[in-house]
1. Residues in the stretch 234-256: is at least one touching a Gly at 6+ places or on another chain (Cβ under 9 Å) and loosely packed, with under 15 Cβ neighbours inside 10 Å?
2. Are there any pairs with C-beta distances below 6 angstrom linking a residue in the stretch 237-263 that is in contact (Cβ under 8 Å) with a residue 60 or more places away in the chain to a residue that is assigned to a helix (DSSP H, G or I) and among the β-branched types (Val, Ile, Thr), with the two at least 6 apart or on different chains, and if so which?
3. Would you mind finding the one in Leu301, Leu279, Leu325 that is part of a helix (DSSP H, G or I), free of Cβ contacts under 8 Å to residues at least 24 places away in the same chain, closer than 30 Å to Tyr205 by Cβ and not assigned by TED's automatic domain parsing to the domain that holds Arg201?
4. For Gln209, indicate whether it is within 25 Å of Ala127 (Cα to Cα) and of a type outside the set (Phe, Trp, Tyr).
5. Looking at this structure, is Thr110 loosely packed, with under 14 Cβ neighbours inside 10 Å and closer than 16 Å to Phe9 by Cα?
6. In the list Arg129, Arg93, Arg62, which residue meets the criterion of being in contact with a helix residue (DSSP H, G or I) (Cβ under 6 Å, 6 or more places away or on another chain) and within 29 Å of Thr199 (Cβ to Cβ)?
7. Can you name every one of the helices (runs of 4 or more DSSP H) wholly within the stretch 130-247 that holds 2 or more residues which are modelled with pLDDT of 90 or more and not aromatic (Phe, Trp, Tyr)?
Amino acid sequence: MVGSGALEFVPVADIELDCENPRIRKFLEMYPEKPSAERIFLALSAAGGDENESSTTFEKLRQSILTSGGIIHPVILNRRADGSLICIEGNTRVALYQNFLEEKVAGNWTRIPSLVHDQMDENQADAIRLQVHLVGTRPWDPYSKAKYLYQLRTQARLPFQQIVDFCGGRQKEVLESINAFSDMERHYKPIVDEGNYDTTRFSGYVELQKPGVKEAIVTAGFDLTDFAHWIHDRRLYPMHYVRQLHRILTNPKAKEIFLKKNAAEAMKAIDRPDLDKALIDATIDQLSQALRSKIYALPFLEADRLRRDSDSDLALNLSETLTALSVLLGSGDDGERLS
């Protein structure tokens, strides 16, 4: 059980930054030796701020702290048995305070408000990170979340069900995320040059976990190394085209176009169902209102059947529509845009 901690104003010089922080570990792993505080600071700036990933970058956080003269939310520290302090949550804010001191920036940056816990074990520290960054207000990017979940799972530091509970009980999503990270590390990492490991391709590996996708790849005579090359060569971009692989690879013409060009071009070769001219001529506003009305009027049993059969053509079509709407409204994964 994790307590609330004691609120203290701690000298920033006494705080050790956490080089195991999942947000920055992917940057620090390029260096075999123990990273310096300066290198951790640079990794944090490369990874972005630790406030709200949808609106706060590292630079915005820096300017906000400078303007306010300090932080609002305390960082979370763990006081070890030897009295040393390590930052569990809020590494970016601590690093900025330390940088302000080093650069002699005007202001009081000597001490930082902190919730200090005494001798937390790793499970308690993991519980805080999971609550803050997986279901809280300061989420990590999807790749960093998956990397952390994978480490917790494979190192058996937390039971799988406990990880799921901290993530809000979404067992399927947690398992997909862990498996996506594993597949990306095993098949994508070996084919890219060092330093060019693009974690924004992670959403493609999440899509790879959807029912039938791997089966379609293998059935067509390919493997996950081929898939890694398709991701790397941007044949599958935006990433939601991954879920169309079963249609592309079973259509000879579409398959040929895909292997020469990309999924977007391949999909144009797949016959679409005939649409009524009135539907074709309707505006997006009219179609959205009609779709909403149809959904609200859907009988309970039919809606329940649709939820249970997520692999049906209708469910897949609706999922594609949802993805297209998310991309159109700017909330698609990894900054994807309609092509």
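The values are calculated or read from the model by the stated rules, or taken from the named source; none is laboratory data. Predicted model only: the values in this text are computed from it and were never measured. Note that each Cβ is placed from the backbone with ideal geometry, even for glycine, and that neighbours are counted across all protein chains shown.
1. no
2. Every condition considered, the pairs that remain are His240/Thr323.
3. Leu325
4. Against the criterion (within 25 Å of Ala127 (Cα to Cα) and of a type outside the set (Phe, Trp, Tyr)), Gln209 does not qualify.
5. Criteria met by Thr110.
6. Unique residue meeting the criteria: Arg62.
7. 171-183, 202-208, 213-219, 224-232
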